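Visitor: Mind looking over this structure? Questions follow.
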Amino acid sequence: MYEAIVKAIILSSNQCLPQSKFNRHAKPYWTPEVKKSYSLQREARRVWVLEGQPRGWHNESYAKYKHCKKIFVTTQKTAIENVEKLFNSQLIEAAECDSRLFWSLIKSRKNKRPSACTHLFYKNTSVREPGDILKVFTDYFRDVYSLLQCEHFDNDFKKLVEEKVKQLKIKNSTANSIPEINPTITSETIKTYIKTLKRGKASSYDAIFNEHLIHGGDALHKALATAKQN
């Protein structure tokens, strides 16, 4: 039933909602050359990942991925420099003859939000890809919260804490005496929780965004409540 609900949501949104288009003003440097080099880099990375992410320049997929990545970074930097040169030339020209355009250009560069993390250096490794950055964060926090023992480690205190935790678990363990709770999920309950969802977030694996649920209406709330009960 869930698959049928997902299919109905996607079909309805495709028929009724306008599709967003690429905003060239958001990334003015995203020229056809940058887009092409990015596509080649992503394809090379996909092949490299499918082969198990082998390392070393002797590996063809690794070497090709690094080569395409270098081309993409160089092409993107060149495109950004060209955009900056064009902006500076427009600014100089407007300062001499068009004060309204001058301040409009100045305002367009103010109050810009800082970009997300695009480069990390950890354990003598430099990463730029989103997937690699995520892995670095994962490794870092795993190291931070991993149990490490050293010469100053108090093993007696560790045993004491473990024994206290064990006693607390036994004392508070009442799972066998509590009957299974199976609350009734109504459409109003679904509607209440949907109101707490945030907009502008990434979709789940089934390509359903929060906006689909927020604007789904009562029919969707009833269908989800029925699916939950089943």
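FYI, it's all coordinate maths here, none of it is from the lab. Worth saying up front: this structure is predicted, and the values here are computed from it rather than measured. All Cβ positions, glycine included, derive from the backbone under ideal geometry; neighbour counts span all protein chains shown.
Visitor: Suppose R0 equals 22 Å; then what is the FRET efficiency for Ser104 and Ile80 from their Cβ-Cβ distance, rounded to the nearest 0.05? Working shown, then result.
Guide: Working: r = 21 Å, r/R0 = 0.96.
Given R0 = 22 Å and the Cβ-Cβ separation, E is 0.55.
Visitor: Quickly estimate the mean residue ellipticity at 222 nm for the chain, helices only: each DSSP H run with n ≥ 4 gives -39500 (n - 2.57), and the total goes over all residues, rounded to 500. The partial results should precede the final answer.
Guide: Values: 9 runs with 140 residues, N = 230.
Theoretical 222 nm ellipticity from helices: -20000 deg cm²/dmol.
Visitor: Exposed loop sites here are chymotrypsin sites (Phe, Trp or Tyr not before Pro) in DSSP loop states with at most 14 other C-beta atoms within 10 Å. What is the longest stretch of the chain lacking them? Present the calculation step by step, with values, prior to reporting the outcome.
Guide: Working: sites that count: Phe22, Trp57, Tyr145, Phe153, Tyr205.
After excluding every exposed loop site, the longest remaining stretch is 58-144.
Visitor: While we're here: In the chain, which longest range has no GluC sites (Glu not before Pro) that are both DSSP loop (not H, G, I, E or B) and surrounded by at most 13 other Cβ atoms within 10 Å?
Guide: Between exposed loop sites, the widest span is 52-150.
Visitor: With a 10 Å Cβ neighbour count serving as the proxy for reagent exposure, in which order, fewest first, do Thr184, Thr125 appear? Don't skip to the end; give the middle numbers.
Guide: On the way: Thr184 8, Thr125 11.
Least crowded to most crowded, the residues run Thr184, Thr125.
Visitor: Note down the relative contact order for the chain as a percent, whole number, built from C-alpha pairs under 8 angstrom at least six residues apart. Kindly include the intermediate steps, with their values, before the conclusion.
Guide: Values: 110 pairs, mean separation 45.0, N = 230.
Worked out over the chain, it gives 20 percent.
Visitor: Given a cut-off of under 8 Å on Cα pairs at least six residues apart, what relative contact order in percent is computed for the range 19-111? Could the numbers behind the result be given before it?
Guide: Working: 48 pairs, mean separation 26.5, N = 93.
Computed value for the range 19-111: 29 percent relative contact order.
Visitor: So, one more: Compute from the Cα atoms of the chain the Rg and the Dmax, the latter being the longest Cα-Cα distance, and quote both in angstrom.
Guide: Answer for the chain, Rg first and Dmax second: 27.2, 83 Å.
Visitor: What dipole magnitude, in Debye to the nearest 20, does the chain give about its Cα centre under +1 on Lys/Arg Cβ and -1 on Asp/Glu Cβ? Display every interim value, and only then the final one.
Guide: Working: 39 positive and 24 negative charges, 91 e Å.
Result for the chain is approximately 440 debye, rounded to the nearest 20.
Visitor: Further, regarding this structure: What is the Cα radius of gyration of the range 25-71 over 2.2 N^0.38 Å, N being its residue count? Intermediate values should be presented prior to the final figure.
Guide: On the way: Rg = 12.5 Å, N = 47, 2.2 N^0.38 = 9.5 Å.
Against the compact-globule rule of thumb, the ratio is 1.31.
Visitor: Let me ask something else. Hey, if you put +1 on the Cβ of every Lys and Arg and -1 on every Asp and Glu Cβ in the chain, which of His58, Gln229, Gly200 ends up farthest toward the positive end of that dipole?
Guide: Gly200
Visitor: Further, regarding this structure: Pop the C-beta distance of Ala8 and Lys135 into the FRET formula with R0 = 45 Å and round what comes out to the nearest 0.05. The partial results should precede the final answer.
Guide: Working: r = 37 Å, r/R0 = 0.81.
For R0 = 45 Å, the calculated efficiency reads 0.80.
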